[in-house]
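Have a look at the structure below before the remarks.
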Amino acid sequence: MNVTRAQSVTVPAAAVRRPAWRGVLEREAVWSWLMLAPPVLYLAAFVAYPFFYGVYLSLESRPVGRPGVFVGLRNFALDLSDPVFWQVARNTFTYTIVATLLKAAGGLALALVMNQQFRLKNAVRASLLLPFIVPTVLSTVAWMWIFDPTFSVINWVLVHAARLHAVPSWLGNPSLAMASIIFVNTWRGLPFYAITLLAGLQTIPPDLYEAAAIDGAGPRQRFSYVTFPLLRPVLIIVTMFSVIFTFSDFQLVYVLTGGGPANATHLFATYAFNIAMGGGQLGLGASVALAMFPALLLLIMGLTLYLRKE
Amino acid sequence: MTGIAQPLSRRGFLRLSAGAAGAALVRPGPAAAQKAQTLSILHENSFIKTFDEYFRQTLAPEYQKAAGVRINYELASVGSLQTRVTTVAETGSGPDITLNFFNWPYLYDEKYVDLSDIAAEIGGQNGGWYQSAKEATFVNGRWKALPFGNVGQLMVWRTDWFAEIGVHRFPGTWDELLEAGTKLKARGHPFGFELGHGFGDNHGWLYPLLWSYGGREVDRDGKAVVLDSAETARAVDFCRTFFRQTMVEDVLGWTDPNNNKAFLGQQISCTNNATSILWAAKRDFPEIAKVIDQSQNPKGPTGQRYHLLNSWSHSIFTHTPDREAAQAFLRWLMQKPQLSRWYEAGDAYYAPFLHGYDDAPMWKAEPRNIPYKESLATSHLPGWPGPASRAMSESVSKYVVVDMFAKACAGASTRDVIKTATAQIKQIYGAS
């Protein structure tokens, strides 16, 4: 008996009938929105709402525990006439630029080393992540002891090994205090750079290096003409994240110096916190925090445009 | 004999809180509709561990036994209490009662219940309140907090090292202290006074220094900015000399734990601190404890000495579902049988604001703490003689006065630091 193909796959109609809601769910537009809904709601609740509430607060004179009064851009005008605000702006840019450059250079170097074959490679790679894994407050307390004028291990070495009589005041001297917080930020952020760049390095096909070697390229040329161009998109992404995190850093400075000495290490985040929480001026504090926004927005827009072009 | 009073019986408690209960029956406000089974009180971790332990292990169970209300003692880590209080005040949910520092009753006044009747009652039973207690808690004619105690900032010094230079009593004036400090630094025993961005040890000596030279941030009306004066300039000049001749550079970056560590590490011979250094030394370094003494701040050229008022007080949030229950608890807590035991558990770290405790046994247990009690008469909030205000808080949170002195010590000119600080104060007091 000849049985057609259609007949062979025919099943009772009752069995193929699916509930109407399943049909709706299987539509791509519906399903994709369902999948997107949780992160969108999360972002709306924990990112968009606080952000727009912050913008709203910055336009009010809003003492803690009292209703606010709309003042327009008055808080921003007050910020601009505050000498400490400008010092804070300088500090934040210095901190971000220097720390990011150090992290980028150090992270790249570390990633190149980690990309080589050597014994205990995996153990070393895992240990590299430690500064990034340890909670910032905890590691910063450890750094507080390292920089402590009385118990500093660095100063102990300087006194006993280098025979120095006058030891540096790591957190008491304004320049050294800034250098110290940059150093700690670099120490903490380096693994993020190194691991991300290492992942990028491992996606570069070995054939390219072999072809370059056959063409007579030395190590430096292989880095300049193969490694770096292919790593650039990853480097840009990781730099963008790092700049955002560094620009809005809070815990490290708050624990280590509180913004001192004499505001030498105050950043936007710590200064905004002091005004809003300590001073009870929520509107003014929000305006200082929002002062970070234009710089970050420009940076993100610039990098995004660059990536699109790439 | 410790002088610890007997715990209050259930009957005693009922008698003491009869007033509150009566008021609740006569005038049951909307908030009284829900009868509390549990109350939460928010505190900050005390440096004196026995203080928190005594509340948790003794006072809270006693109150539960007496009143049938469970007390949750919620502790915030050191330095984080204000963030927590702000969150609670803004969201209108969380603990029923909170601890306050400094002038917080002014910051959160609209979120706090009026406690005037309890304050009057407790004051009347205990010889009255110190004026400084009122300075920190009496907001627009109402007590918005019940004063508890003052964590004074006084001079903590090494008697043995001072004796080496022939000084057996703490110098009475800043100039005499400078002279002693110069000699001590030359002998390898520098001073260490915080000039960084800590919570209190910086304000603790710099405001009193400014006041004792006649300098003020604002006038008595709290409006006219008077910081730019010859008196302020003299105070700044003195501070620079004091820093250079007696201290190490590190103090510019110190936060509050640093001077404790340096003193107990035998790196410094004198600092300005609460009695926590002596307390920790008695526990961990008994040999050092023997050579520690504590004294009131020196007098300035005005012939006056001053201290910073670091008032601890308790307030009830307006959002609490059962205000009467919270008031009954505070009324019970502030009664002598409870209060005197809690003070003693705190080892005189908290100087009572009630005159009735002037001769309390806790002062006899450690006479070196007596200056902390004596300092209450000359203690003021930052921003004094202006009234407590929000602007005062902003000025403190921006470290205006601290940084004025710190910048001068780091090398800036007196004129420049006063000019900058004055501009900041004008903006703060003009804007708030």
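Principal semi-axes of the equivalent ellipsoid, √(5λ) from the alpha carbon gyration tensor of chain B, are 39, 26, 17 Å from largest down. Straight Cα distances below 18 angstrom link B:K144 to the lysines B:K111, B:K134, with same-chain residues fewer than 8 positions distant left out. Each of A:L130 and B:D416 was given a label point 7 Å from its Cα along the Cα-to-Cβ line. The distance between the two points is 4.3 nm. Distance between the C-alpha centres of the stretch A:240-310 and the stretch B:319-361: 42 Å, rounded to the whole angstrom. Of interest is the spacing of the C-alpha centroids, which for the stretch B:135-189 and the stretch A:72-112 amounts to 39 Å. Residue by residue along B:189-199, Cβ atoms of other protein chains within 10 Å of the local Cβ number 3 on average. Would you mind pulling out the separation of the Cα centroids of the stretch B:220-274 and the stretch A:126-187, in Å? If you average the Cα positions of each part, the centres end up 24 Å apart.
For the stretch B:257-271, what does the Karplus curve 6.51 cos²θ - 1.76 cosθ + 1.60, with θ = phi - 60°, yield as ³J(HN,Hα) per residue in whole Hz, taken in order and with x for Gly and Pro? Whole-Hz 3J(HN,Hα) from phi for the stretch B:257-271: x, 4, 5, 4, 5, 5, 5, 6, x, 6, 8, 10, 9, 7, 8.
Taken over the protein assembly as shown, the ratio of Cα radius of gyration to 2.2 N^0.38 Å equals 1.14.
Extending 7 Å from Cα along the Cβ direction at A:W86 and again at A:K309 yields two label points whose distance is 3.3 nm.
Between the amide H of B:N100 and those of B:S313, B:H314, B:S315, distances stay under 5 Å, these residues lying 5 or more places away or on another chain, with hydrogens modeled in the peptide plane. Under 5 Å from the amide H of B:Q153 lie the amide H atoms of B:L308, each residue being 5 or more positions distant or on a separate chain, with H modelled from the backbone and absent for Pro and chain starts.
Other residues with beta-carbon under 14 Å from the beta-carbon of A:V113 carry, at +1 per Lys or Arg and -1 per Asp or Glu, a net charge of +3.
Cross-link partners for B:K185 among the lysines, with Cα-Cα distance under 26 Å and sequence neighbours closer than 8 places in the same chain left out: B:K261, B:K282, B:K290, B:K299, B:K407.
FRET efficiency for the B:A186 to B:E53 pair, using the beta carbon distance and R₀ = 41 Å, is estimated at 0.40. When peptides B:381-388, B:163-170, A:147-154 are ranked by their average number of other Cβ atoms within 10 Å per residue, the highest-first order is B:381-388, A:147-154, B:163-170. Note on A:L230 and A:I146: their simple-model spin labels are 3.5 nm apart, each label 7 Å out from Cα toward Cβ. Indicate, rounded to the nearest 5 percent, the antiparallel portion of the DSSP beta bridges found entirely in the protein assembly as shown. Expressed as a percentage, antiparallel bridges in the protein assembly as shown total about 65. Restricting the chymotrypsin sites (Phe, Trp or Tyr not before Pro) of the stretch A:36-137 to loop positions (DSSP other than H, G, I, E, B) with no more than 11 neighbouring Cβ atoms within 10 Å leaves A:F118.
Where a ≥ b ≥ c are the square roots of the eigenvalues of the C-alpha gyration tensor, would you call the stretch B:213-260 rounded, which needs a/c under 1.5, or, failing that, prolate if a/b is larger than b/c, or oblate? Oblate, because a/c is 1.5 or more while a/b does not exceed b/c. Taking amide H atoms as placed 1.01 Å from N in the peptide plane, the amide H of A:E60 lies under 5 Å from those of A:V71, each 5 or more residues away in sequence or on another chain. Averaged over residues, the count of other Cβ atoms within 10 Å places the peptides A:200-213, B:60-73 in the sequence B:60-73, A:200-213, highest first. Couplings 3J(HN,Hα) of the stretch A:72-81, computed from phi: x, 9, 4, 4, 5, 5, 5, 4, 5, 9 Hz, in residue order, whole Hz [Karplus 6.51 cos²θ - 1.76 cosθ + 1.60, θ = phi - 60°; x for Gly and Pro].
List the aspartates and glutamates whose Cα lies under 13 Å from the Cα of B:K398, skipping any in the same chain that are fewer than 8 positions away. Straight-distance partners of B:K398: A:D79, A:D82. Given A:T140, A:L129, A:L78, which one lies farthest toward the positive end of the charge dipole of the stretch A:76-309, if we put +1 on the Cβ of every Lys and Arg and -1 on the Cβ of every Asp and Glu? After comparing all options, I get A:L129. Between A:L25 and A:A45, what is the FRET efficiency for a Förster distance of 25 Å, r being their Cβ-Cβ separation, to the nearest 0.05? In this case the efficiency is close to 0.55.
Calculated mean residue ellipticity at 222 nm for chain B: -13000 deg cm²/dmol, from DSSP H runs with n ≥ 4 weighted as -39500 (n - 2.57), summed, divided by the residue count and rounded to 500. Across B:S93, B:S389, B:S132, mean-square fluctuation computed from a Gaussian network of chain B (C-alpha pairs under 10 Å connected) peaks at B:S93. Across peptide A:81-88, the average count of Cβ atoms from other chains found within 10 Å of a residue's Cβ is 3. Over the stretch A:76-309, the fraction of Cα-Cα pairs per 10 Å bin, rounded to whole percents and listed from the shortest bin up, is 7, 25, 29, 22, 12, 4, 0.
In terms of packing, defined here as the mean over residues of other Cβ atoms within 10 angstrom, the peptides A:100-113, B:216-229 line up highest first as A:100-113, B:216-229. Go through A:A194, B:G141, A:P67 and say which Cα lies farthest out towards the positive end of the charge dipole of the protein assembly as shown; charges sit on Cβ, +1 for Lys and Arg, -1 for Asp and Glu. Highest projection toward the positive end goes to A:A194. For the stretch B:135-288, the relative contact order comes to 33 percent (Cα pairs under 8 Å, sequence separation of at least 6). In order along the stretch A:217-226, phi translates into HN-Hα couplings of 6, x, x, 5, 5, 5, 5, 5, 9, 10 Hz, rounded to whole numbers, per the Karplus curve 6.51 cos²θ - 1.76 cosθ + 1.60 with θ = phi - 60° and x for Gly and Pro. Taking every alpha-carbon pair under 8 Å whose residues sit at least 6 apart, the stretch A:76-309 reaches a relative contact order of 30 percent. Note on B:400-410: average number of Cβ atoms from other chains within 10 Å of each residue's Cβ is 3.
Values quoted throughout were computed directly from the atomic coordinates according to the rules given, and no laboratory measurement underlies them. Source: prediction; values computed, not measured. As a convention, Cβ positions derive from the backbone with ideal geometry for all residues, glycine included, and neighbour counts pool all protein chains shown.
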